[in-house]
Structure formats: C-alpha cells, structure tokens
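*Asks:* Structure provided below as structure tokens; questions to follow.
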Amino acid sequence: MSGDNKINIVLAGQGNSGKSTVFNYLTGLHQHIGNWAGKTIEKAEGTLFYRDHTIDVLDLPGIYSLTTVSEEELISRSYIIKQNPDWIINVVDSTNLERSLIFTLQLLELERPVILALNM
C-alpha cells in the first residue's frame, strides 16, 4: 500500500455504470451524475476516512478496454497501469454483465487487487 495508513483506490468501469454514484457515496462529495456514457471526462478525486485509514478515491472516465485509443479512455488506462493504485474497484452495470467481462478480465490479468462492484 502507499503508506501505513493511506490507501489509494480507483473506480473504473464502462461509461454509465454508476462510478460517479459510488464515488459520491464513498466520499460524501457531489460529483455531477449524468445518465449518458462519457459524462465523466476528467478524473474526480475525493477522500474518506475509515478508522485510522485515509482512503483517496479516484473516479475515472469510462473505459471499455485497456487496449483502447479514445482520449477519455487513455486517461483511465494510463492511471490504472502507471499509477499502480492499491485497489481497483471495477463498477459494473449488473443488468449488462456480458458487456463488462473483457475489461474485468483485463484488470484481473494485471494481478492487482480488484473488487467487482455490481451496480443497478
């Protein structure tokens, strides 16, 4: 982990999967929520405190694959691969699981801790 009591987590997943809603819940912030893919085009950062831990949470733009080339997805891919977060929370639309499987498998292949968060 980043430090003894500091944890860095990243919310990653396809556009319109609910990442910003999860971000707002965890951080108590009010990241604008939109019901369309590509709504978040920049990283949003927040912090939560749990017991003696400081947890930095990053809401990334939607991403469909780690082999992508779109500008928004490059922001997400670069952070996931180069910044080495302590945890990756893969937020997935539970009503369309099949669409998310490739990205989820790519995250698991990175051999980093991944939490699969099913959202409706």
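*Asks:* For Ser65, are the conditions met, namely being among the small types (Gly, Ala, Ser) and touching a residue at least 60 places away in the same chain (Cβ under 8 Å)?
*Replies:* Taking the combined requirement at face value, the residue does not satisfy it.
*Asks:* Tell me whether region 57-67 contains one or more residues that are under 20 Å from Thr21 (Cα atoms), hydrophobic (A, V, I, L, M, F, W, C) and out of contact with any helix residue (DSSP H, G or I) (no Cβ under 6 Å at 6 or more places or on another chain).
*Replies:* yes
*Asks:* Find all pairs meeting these conditions: Cβ atoms under 7 angstrom apart; at least six residues apart or on different chains; first residue within region 73-89 and closer than 14 Å to Ile115 by Cα; second residue in a loop (DSSP other than H, G, I, E, B) and among the polar types (S, T, N, Q).
*Replies:* As it stands, the answer is Asp86/Ser2, since those pairs meet every condition given.
*Asks:* Out of the residues in region 30-77 that are over 18 Å from Leu107 (Cα atoms) and among the charged types (D, E, K, R), which is modelled with the lowest pLDDT?
*Replies:* Here the answer is Lys39.
*Asks:* Looking at region 43-98, which of its residues are surrounded by 16 or more Cβ atoms within 10 Å (Cβ to Cβ) and basic (Lys, Arg)?
*Replies:* Arg77
The values are calculated or read from the model by the stated rules, or taken from the named source; none is laboratory data. Nothing here was measured: the structure is a model prediction, and the numbers come from that model. Neighbour counts are summed over all protein chains in view; Cβ atoms, including those assigned to glycine, are modelled from backbone coordinates with ideal geometry.
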